[in-house]
1. Need one number for segment 19-63: average projected area of the convex hull over its C-alpha atoms, nm².
2. Counting only other residues whose beta carbon sits under 14 Å from that of residue 16, what net charge do I get with K and R as +1, D and E as -1?
3. With a Cα-only, solvent-free Debye model of segment 448-552, what are the log10 I(q)/I(0) values at q = 0.10, 0.19, 0.23 Å⁻¹?
4. Just to verify a number: FRET efficiency for residue 584 and residue 404, C-beta to C-beta distance, R0 = 22 Å, to 0.05?
5. Add +1 for every Lys or Arg and -1 for every Asp or Glu among the other residues with Cβ under 12 Å from the Cβ of residue 93, and state the total.
6. Can you compute the equivalent ellipsoid semi-axes for segment 5-152, i.e. the square root of 5 times each eigenvalue of the Cα gyration tensor, sorted largest first and rounded to whole Å?
7. Using 0.36 nm per residue of separation minus the Cα-Cα distance, give me the extension gain between residue 326 and residue 496 in nm, one decimal.
8. When N counts the residues of segment 395-512, how does its alpha-carbon radius of gyration compare numerically with 2.2 N^0.38 Å, as a ratio?
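Taken together, the values in this text are just the output of simple stated rules run on the coordinates, not laboratory data. Fair warning: this is a prediction, and the values are worked out from it, not measured in the lab. Glycine also receives a Cβ, built like all others from the backbone with ideal geometry; neighbour counts cover every protein chain displayed.
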Amino acid sequence: MGLEAWITLVVVLAVLVALVRDLAPAAIVLLGAVVGLLAMRVITPEQAFSGFSNPAPITVAALYVLAGAVQRTGVLTSVVGRLLGGAAGPRVLLARVVAPTIAGSAFLNNTPIVAMIAPAVASWAEQRSLPASRFLMPVSYAAILGGCITAIGTSTNLVVSGLLVAAGAEPLGLFELAAVGLPIALGGGLLIVGLAPRLLPDRGAAMEDFAEHVREFTVSMEVVDGGPIDGRTIEEAGLRALQGVYCAQVSRDGHVTTPVAPDHLLESGDELLFVGKVDRILDLQGNTGLRPAEDRQLSRVGERGVFYEAVLGPGSSLIGSTLKTVGFRQRHGAAVMAIHRAGQRIDAKLGEVELRPGDALLLLADTGFGERWQTTGDFILVAGTGQARPVQGRQAKVVGVVTLALVLLAGLGIVPILEASLVAALALIGLRVMRVSEARAAIDLQVLVVIASAFGLGAAMEESGLAGALADLMLGVTQQWGQLGALAGVLVVTMVLTEMLTNNAAAVLAFPLAAAAAAQGGADRRPLAIAIALGASLSFLSPIGYQTNLMVYALGGYRFGDFARLGAPITALVVVATMLLVPQVWPL
């Protein structure tokens, strides 16, 4: 390898380390790597930023608007409620959820699908005293399986399609993947329904654990009439700088204030809800200006505010920070009651806990928080208690017609996917289903930057000769099996990368390797690209490999190893089906 190849290798390894260890958001890591390679003249400006003009991120942005419209109208939440309405056995109930999730995620982005369905399923399971852990992981896996049926089912498929276009090949047809993706989705769905009740443990969901242990870290105190803090502000009363405990809300005559500002004026009879460690909370009783409130029932708090569970995604601006440093209460208008990580509540001073991807924040906020969170981009899932979104009739019908038109026009080849997606997004805005601000909020800019930046990193691997060197290494291991061995090698490499990185980054890093392997073996690169699309999307072995897995990680109270229990047999199915079907549809 030449000097440029060695430089690129060092940069790629640095990217892998940074992403695996969550040193910075994926968008910053990949964009920084591309800028570094550009500064070292490994790639040209055109190569570095070619992804920003590629159809893939533009199409993904348009489809985010469509998915946001579906989420806003609440159609799928209503459908799930009807499907789960009747009594039935666990496998029948699973089938009722898994089948429509697979179908819906074939045409809509997986993330909003799970964001709509998972909270409804969790609430339904809680009401019937069923373990939510037996249903939430299947929802995520079903959404992932559905995404491999069409070219618009997941952003990864569009990334691979964009890479093919950049390499001078035809983009993926809307239903081109279905020849392999549909059998995998059907087989995976059957495995989920058959195995999930036996393989998935009964884990207490984070919200249930919160309800059970709320008395351990909350207490209500009342302001004493004529006491030393009556008529003083929170800060003047010395309640702003408490150690290990903070005032989450103030109730007065049925009106709730949360979060509580330092200049909030206290009056006699005000009921203050404090959150913190038990020993610190008990110390409050030594404050002569406060006395224990007579009614400390959780139900009273719930009537005045709303409990939410908010899950942090890998692209959240909160990652690596603490609640205190970001001013969470003022920024989001919500009080954090507890933090759950890997199925366990963190027993520490909440304001000083460094936040990580997958953390679930249990919040107390007003009823408007459910609408506000979508504009922040800090959470990938927010689940409220009893906060089902009402279905908006006319708008729901418009969304249905637009979605159907998109599928028909793109599926029949009348209009390319890019143009059809952009027209659909603009139609939803023009027909006032989505405001411009709502459409902008529905687009995940972090994902778009990851996709666009990854194109530059892939170009560096290809142009520097690093991809060719890695392909030589891979072919040296698989050469005894010929092109079928190359297909297996590309599939395995992609699946390993996607379990460590984001699925889109895995696809872009694997594509130059596949292109070099195809060129050296004199084969068509398309079947290898199909293997990359499947391997990068179908992540079932860990919660960090795919965003929807991360979304249900805390909501279901799962532990890290739980995902491999159900994921291993599905992964085996994916490998076998890909190796058998891809060569039949796309000859090597």
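1. With every direction weighted equally, the projected area is 4.0 nm².
2. On the way: positive: 21; negative: 22, 499.
Residues close to residue 16 contribute a combined charge of -1.
3. Computed log10 I(q)/I(0) values: -0.26, -0.88, -1.18.
4. According to the calculation, E is roughly 0.10.
5. On the way: positive: 91, 96, 128, 134; negative: none.
Around residue 93, the surrounding residues sum to +4.
6. Values: eigenvalues 329, 64, 28 Å².
Ellipsoid half-lengths, sorted descending, are 41, 18, 12 Å.
7. 57.8 nm
8. Details: Rg = 19.9 Å, N = 118, 2.2 N^0.38 = 13.5 Å.
For segment 395-512, the normalised Cα radius of gyration is 1.48.
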